[in-house]
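The values are calculated or read from the model by the stated rules, or taken from the named source; none is laboratory data. Just so you know, these numbers come straight off a predicted model, no measurement behind them. Cβ sites come from the backbone with ideal geometry, for glycine too, and all protein chains shown count toward neighbours.
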Amino acid sequence: MSGVPRYLLLLTALFSRANHSACGLTPDDMIHRDLASWDLNHPLLPPQKVAASQLDDHSGLRLDGWCNMPPRYVLRYAEVIQRHHKRTPCQFPQLTPEGFRDSIDHGAHLREVYGTRLGISEAFNPEEATFRVTNNPLTSQVASGLLQGFYPGDTGKAHEVLIQPAAIDSLEPRYSCPRADALRTSFTTGPNGSAWKEHLQTVQGDGTFAALDGVSGIRPDDGEWHVSLDHYFDNLRARECHSMPLPCNLANSTLCVSPELAQMVYSVGNWEYSYLYRDAPGALEYSIRKFGVWMLELESHLRAAIAGKSQVRYRHNVAHDGSISSLLGFLQVSKMAWPGMGSEVAFELYERSGESWYVRVLWSGTVIETSTNLGRLDMVPADEFVQYIRSLIPSGEWLVQAC
């Protein structure tokens, strides 16, 4: 594989300087959307649990093409990256009992989908399957449930999970990239952030923030709660995911968040994520820098599987909504939304008739549609998929300089 080794790239990134040169990016034909055109009455996206294991009306397990996959295509490698499962909101999040049960179920369903097809042993073997977490303890809690479901016969045994040092973690991601941070500032509070500022003025002017503050008791001048709908979205969704009623004011039980107000929060929150990771001027460049290291790692895994240089047939990454969103931004998904709890992106590598290789990419069990020349990521020639990654990140050295 071309480029520098992963460990060298990550260590070098700590000492890199920002480089503001042009990237030579591929065209993005995504139509930019403003708040006025966003459908604030769009039906709520249901809380997402497991992805590759969603049910259908017939077999009980939606395999998205497995039942009709031509026999000449053989699955050789799969890599999954998911957002953690249900957790508590606010400052010290931790997995809830429901989230832990979802993690176990998720692991069991992934075993059902991939275990036999990839020839993964019933007992944990890090030479054929690996699990990776971030430095947030929440992801380790999820991994413990996943492993219990993926290896039900290994209950009570210790399992090895992979983790990178916090300062250079590419999965969360946490590595230093001043240029990415500058880009995000530019299209939110900076000179290219007119759409972002306008949407905040809208939710201030229509009373949305005032109604939420009235119920929660949050001060209107608390900047952390009013730079986006993130905190309110997170709290309301967490209650919904756990079948709890919408909150009321502690001192006045008649002052509550209405379903209509919650709908407004969810709709604007989804607009925010679409803007930040797909529609903002510079959103693609941001995702390239923010999640580029992980994409190079994925590329190396695909190359190693094709060349027969690795025995690992399955990799699983437990990450965060920012990880999934940056990845979807990198892939230029056609329709962006806030990734739900447990939502996942699965990369599947197939060999056809011992001659050629293909990649299929699923988001929560559905083939990804993109606004790139690759279009629908359904059995895309592997060399074309790798070339897409390289068109955005020519090399590890380039990424270091771009940060």
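Here T116 clears all of (1) more than 21 Å from the chain's Cα centre (by Cα); (2) polar (S, T, N, Q); (3) surrounded by 13 or more Cβ atoms within 10 Å (Cβ to Cβ) except the condition numbered (3). When we screen P137, P178 for residues that are surrounded by fewer than 17 Cβ atoms within 10 Å (Cβ to Cβ), modelled with pLDDT under 95 and within 22 Å of the chain's Cα centre (by Cα), the only hit is P137.
Of the residues G342, G322, only one is assigned to a loop (DSSP other than H, G, I, E, B) and out of contact with any Phe, Trp or Tyr (no Cβ under 8 Å at 6 or more places or on another chain); which? Before you say what the answer is, go through the steps one by one.
Details: G322 fails: assigned to a loop (DSSP other than H, G, I, E, B).
One residue alone meets the criteria, G342.
Could you tell me whether A262 is at pLDDT 95 or above and surrounded by 22 or more Cβ atoms within 10 Å (Cβ to Cβ)? When the stated conditions are applied, A262 does not pass them.
Looking only at the range 194-210, residues that are without any contact (Cβ under 8 Å) to a residue 60 or more places away in the chain and either surrounded by 17 or more Cβ atoms within 10 Å (Cβ to Cβ) or touching an Asp or Glu at 6+ places or on another chain (Cβ under 9 Å) (or both) come to 2 in all.
Restricting to the range 140-163, what's the tally of residues that are of a type in the set (A, V, I, L, M, F, W, C) and at pLDDT below 95? Outline the logic, then answer.
Kept after step one, since they are of a type in the set (A, V, I, L, M, F, W, C), are these residues of the range 140-163: 142-143, 146-147, 150, 158, 161-163.
Among the residues that remain, those that are also at pLDDT below 95 are: 158.
The number of residues fulfilling the criteria is 1.
Consider the range 233-259 and keep the residues that are surrounded by fewer than 18 Cβ atoms within 10 Å (Cβ to Cβ) and small (G, A, S). The one that is nearest to the chain's Cα centre (by Cα) is S243. Might you check whether a residue that is touching a His at 6+ places or on another chain (Cβ under 7 Å) and closer than 17 Å to Q263 by Cα occurs anywhere in the range 194-206? No: the range 194-206 contains no residue that is touching a His at 6+ places or on another chain (Cβ under 7 Å) and closer than 17 Å to Q263 by Cα. In the list T366, T370, which residue meets the criterion of being among the β-branched types (V, I, T), within 22 Å of G282 (Cβ to Cβ) and either within 19 Å of the chain's Cα centre (by Cα) or not assigned by TED's automatic domain parsing to the domain that holds Y286 (or both)? Result: T370 is the single residue among T366, T370 that is among the β-branched types (V, I, T), within 22 Å of G282 (Cβ to Cβ) and either within 19 Å of the chain's Cα centre (by Cα) or not assigned by TED's automatic domain parsing to the domain that holds Y286 (or both). So, in the range 145-156, of the ones that are over 14 Å from P126 (Cα atoms) and in contact with a Leu (Cβ under 9 Å, 6 or more places away or on another chain), which residue ends up surrounded by the most Cβ atoms within 10 Å (Cβ to Cβ)? Among them, the one singled out is L146.
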